[in-house]
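The block underneath contains the structure these notes are about, expressed in structure tokens.
The values are calculated or read from the model by the stated rules, or taken from the named source; none is laboratory data. Remember, it's a predicted structure, so these values are computed and weren't measured experimentally. Glycine also receives a Cβ, built like all others from the backbone with ideal geometry; neighbour counts cover every protein chain displayed. Note: accessible area is taken over every heavy atom of the protein model, side chains too, but ligands, DNA and RNA are not part of it. Shrake-Rupley method; radii C 1.70, N 1.55, O 1.52, S 1.80 Å.
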Amino acid sequence: MDELASQTLHLRELTSFLLYMAVHLVSAFLLLTQCQAVPFDYPPPTNSSFLEGLQLDIGEINNTSEPFLFSTQPPGTTRRTPQTIIIGVRKGGTRALLEMLDIHPNIAVAATEVHFFDWDENYIKGIEWYRSLMPYSFENQITIEKTPGYFTSLQAPERIHSMNSSIKLLLILRDPTERVISDYTQVYYNRLENHKPVQPFEGIVIKNGALNTKYKAIQRSLYDVHMERWLKYFNLNQIHIVDGNTLIKRPLTELQKVEKFLNLPPKIVSSNFYFNQTKGFYCIRSDGRERCLHESKGRPHPVVNKTVLEQLYSYFREHNQRFYQMVNQSFDWH
């Protein structure tokens, strides 16, 4: 372990210890104040909402931050390598899928994208490092992590197979042209926020009057090319394809299919979702709380020139047909 990594590890350990002590000091304070208010022969109630808020602030249950690792673990739990991985695709709806699956009591989700199998600098850290980033889970729970970059990675299929050849994989896809535009939109806003120059969509997609097929966003939408690599290592019945377009419009339909694929009891119901008119997509309701995806999700796409759209549709058409044949399934894509 190099000096920088060692310092980072020590800093995390120190932070974990200090925050761990902070939570327990708050717990002790609450216990003391409750004990002063009620007789000792009654168990004092705990202020769970306050503690939950504190844990949220320090990152333990905030899905958008790095997981906070307590030095202790809930009784009966352990960290396990995932039995299921959402392998992609980027801008296909992976975050929405993970958040919605988190409703299920038999699922424990990793808080962040780990990039273990697609980034060499992480893979060389070893399987125990990977396991340490997984959530604590009970025996009856399935651990799931999601990293959209896996699907287009050259190394990920073989590396995941080496870890667990019987693993179940979730792949969420959407119309490849829509995915390209969404990919561009994310980069566009990121560049704006970082005060970097931006180009119009057509200026990137079209070069010298022809479709720029070397554009990374277009390459990521060649689903047949990437799927071919995965099918060299996994049987088709190990890979469940989630229709990203349907998930947006009718989330319960797609989630029930995932429950069946994972052999889970049906626990996700229609009341777990409500349509947010302001955001324009479904949000989640569970455990008495309501939450929507981050504001970066659902950003408005640029209006694309019709001629350029037709060029994209035409380019992807053959690749889509080949993909349909590979997976014995068709989708309502252009």
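Evaluate the following for Leu252: is it of a type in the set (A, V, I, L, M) and surrounded by 18 or more Cβ atoms within 10 Å (Cβ to Cβ)?
Values: of a type in the set (A, V, I, L, M): yes; surrounded by 18 or more Cβ atoms within 10 Å (Cβ to Cβ): no.
Here the answer is no, as Leu252 does not meet what is asked.
Could you look through the range 106-127, keep only residues that are part of a loop (DSSP other than H, G, I, E, B) and of a type in the set (Asp, Glu), and pick out the one that is nearest to Thr143 (Cα to Cα)? Steps first, answer last, please.
Initially, the range 106-127 is screened for residues part of a loop (DSSP other than H, G, I, E, B), giving 106, 110-119, 124-126.
Now drop any that are not of a type in the set (Asp, Glu), which leaves 113, 118.
Values: Glu113: 14, Asp118: 19 Å.
That would be Glu113.
So in the range 94-105, with the set limited to residues that are in contact with a Lys or Arg (Cβ under 7 Å, 6 or more places away or on another chain) and assigned to a loop (DSSP other than H, G, I, E, B), which one is farthest from Thr152 (Cα to Cα)?
Taking the candidates together, the pick is Pro105.
I'd like to check something: does the range 311-318 contain any residue that is under 24 Å from the mean Cα position of the chain (by Cα) and in contact (Cβ under 8 Å) with a residue 60 or more places away in the chain? Full working, then the answer.
Residues of the range 311-318 that are under 24 Å from the mean Cα position of the chain (by Cα), as a first pass: none.
For the range 311-318, residues under 24 Å from the mean Cα position of the chain (by Cα) and in contact (Cβ under 8 Å) with a residue 60 or more places away in the chain: absent.
Restricting to helices (runs of 4 or more DSSP H) lying wholly in the range 236-334: which have 3 or more residues that are more than 30 Å from Asn208 (Cβ to Cβ), modelled with pLDDT of 95 or more and touching a Cys at 6+ places or on another chain (Cβ under 7 Å)?
On the way: elements: 244-249, 251-261, 306-327.
Those helices (runs of 4 or more DSSP H) do not exist here; none qualify.
Conditions first: (1) basic (Lys, Arg); (2) closer than 26 Å to Val308 by Cβ; (3) in contact (Cβ under 8 Å) with a residue 60 or more places away in the chain. Lys207 passes all but one, so which condition is the exception?
Single failed check for Lys207: (3).
Identify the residue in the range 233-245 that is surrounded by fewer than 17 Cβ atoms within 10 Å (Cβ to Cβ) and touching a helix residue (DSSP H, G or I) at 6+ places or on another chain (Cβ under 7 Å) and, among all such residues, is farthest from Ile284 (Cα to Cα).
Tyr233
From (1) surrounded by 11 or more Cβ atoms within 10 Å (Cβ to Cβ); (2) over 23 Å from His226 (Cβ atoms), pick out the condition that doesn't hold for Gln311.
Of (1) surrounded by 11 or more Cβ atoms within 10 Å (Cβ to Cβ); (2) over 23 Å from His226 (Cβ atoms), only one is false for Gln311: (2).
Evaluate the range 178-195: report whether one residue or more is acidic (Asp, Glu), open to solvent by less than 80 Å² (accessible area, probe 1.4 Å) and assigned to a helix (DSSP H, G or I). Before you say what the answer is, go through the steps one by one.
Just the residues of the range 178-195 that are acidic (Asp, Glu), to begin with: 178, 183, 193.
Filter again for open to solvent by less than 80 Å² (accessible area, probe 1.4 Å), leaving 178, 183.
With assigned to a helix (DSSP H, G or I) added as a condition, the list becomes 178, 183.
The answer is yes; a qualifying residue exists.
Scan the range 154-177 residue by residue and report those that are under 28 Å from Arg299 (Cβ atoms), polar (S, T, N, Q) and open to solvent by 10 Å² or more (accessible area, probe 1.4 Å).
Answer for the range 154-177, where residues must be under 28 Å from Arg299 (Cβ atoms), polar (S, T, N, Q) and open to solvent by 10 Å² or more (accessible area, probe 1.4 Å): there is none.
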